[in-house]
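Structure record follows, encoded as structure tokens.
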Amino acid sequence: MAHWTPFPHAGEFDYDAASLKKHWARLHAGDAEPLPKNAALLQAWAHYHNGEFQQAAEQGLALGGDGITVANKATAIYATYLEKKEKTRLDLFMQVAERAQAQAQEQPQNANAWYWNAYALGRYSQGISVAKALAQGLGGKIKESLEKAIALAPKHADARIALGAFHAEVIDKVGALIGGMTYGAKKDAGLKLFQEALKLNPGSAIAMVEYANALVMLEGDKKMKEATALYEKAAATTPMDAMERLDVEMAQAELED
């Protein structure tokens, strides 16, 4: 594994097994991941929450089984926020998608196997262009995997965010008519998913940012005020771990634009 770009705020978060157990429910309000019983797996998650993404990924892969989930999350979040080379980012997303697909086949009841497959394919699609990804048939796979994740874990806020983003992106790229007929994308369904995500995980900066992006995509300038208020709220949230820190920074960057 090539050396990954380090988390820019090293040392800001310092979880160990005990503190991670204490804060697990709050930290995993987004992905509904169950608390691991295995000490080595818990340590891999501690690396992840502290922003030691490469260590988390390597340890998770070495463990296999449920370790694949922490490896996939660490890799996907790293690729989304910190990897500077576009080709490497896309390669990492495809690695996550393939690992998650294999994990879903082995553990079909594992909501996060389906979720990380969809997340990685979604980010890959944004990288190559949503229109190109739809032409390659990725849209149906993403939607189906996210719907499976929600069916398996009804409190999965992050799957709702990703599915809401799917509806918005498809309509933005191909229009409401083709989006609805060909890909099952609906404006009202998309916006409702964001609202549900924020009910499940009210402090989620990424939910606010993606909801704001979707409002602008679907409604244009008339929703700019509402979108800006969401960006401001996201930018003012207090992050509990490395990923949330990166989410908050993204919200702050949106406001600067």
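Read-outs: derived from the displayed coordinates by stated rules, not from any lab. Because the structure is a prediction, the values reported are computed rather than measured. So basically every Cβ, Gly included, is an ideal-geometry build from the backbone, and we count neighbours across all protein chains shown.
Table for the structure above
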read-out: Subset of region 189-221 [touching a Phe, Trp or Tyr at 6+ places or on another chain (Cβ under 6 Å) and either more than 12 Å from residue 163 (Cβ to Cβ) or hydroxyl-bearing (Ser, Thr, Tyr) (or both)]; value: 211, 212
read-out: Residue match in region 40-61 (condition: under 18 Å from the mean Cα position of the chain (by Cα), closer than 24 Å to residue 114 by Cβ and either in a loop (DSSP other than H, G, I, E, B) or among the basic types (Lys, Arg) (or both)); value: no
read-out: Every residue from region 13-29 that is assigned to a loop (DSSP other than H, G, I, E, B) and either hydrophobic (A, V, I, L, M, F, W, C) or over 13 Å from residue 46 (Cα atoms) (or both); value: 13, 29
read-out: Neighbours by Cβ (under 6 Å, 6+ apart or cross-chain): first from region 159-175, touching a residue at least 12 places away in the same chain (Cβ under 8 Å) and surrounded by fewer than 24 Cβ atoms within 10 Å (Cβ to Cβ); second among the β-branched types (Val, Ile, Thr) and in a helix (DSSP H, G or I); value: 173/130
read-out: Failed item in (1) more than 17 Å from residue 121 (Cβ to Cβ); (2) touching a Leu at 6+ places or on another chain (Cβ under 6 Å), with residue 48 passing the rest; value: (2)
read-out: Filtered residues of region 187-245 (kept if among the charged types (D, E, K, R) and under 25 Å from residue 143 (Cα atoms)); value: 187, 188, 192, 196, 199, 210, 219, 244
read-out: Pairs where the first residue, in region 24-42, is touching a residue at least 24 places away in the same chain (Cβ under 8 Å) and the second is among the basic types (Lys, Arg), C-beta under 8 Å, 6+ apart; value: 31/73; 32/155; 42/21
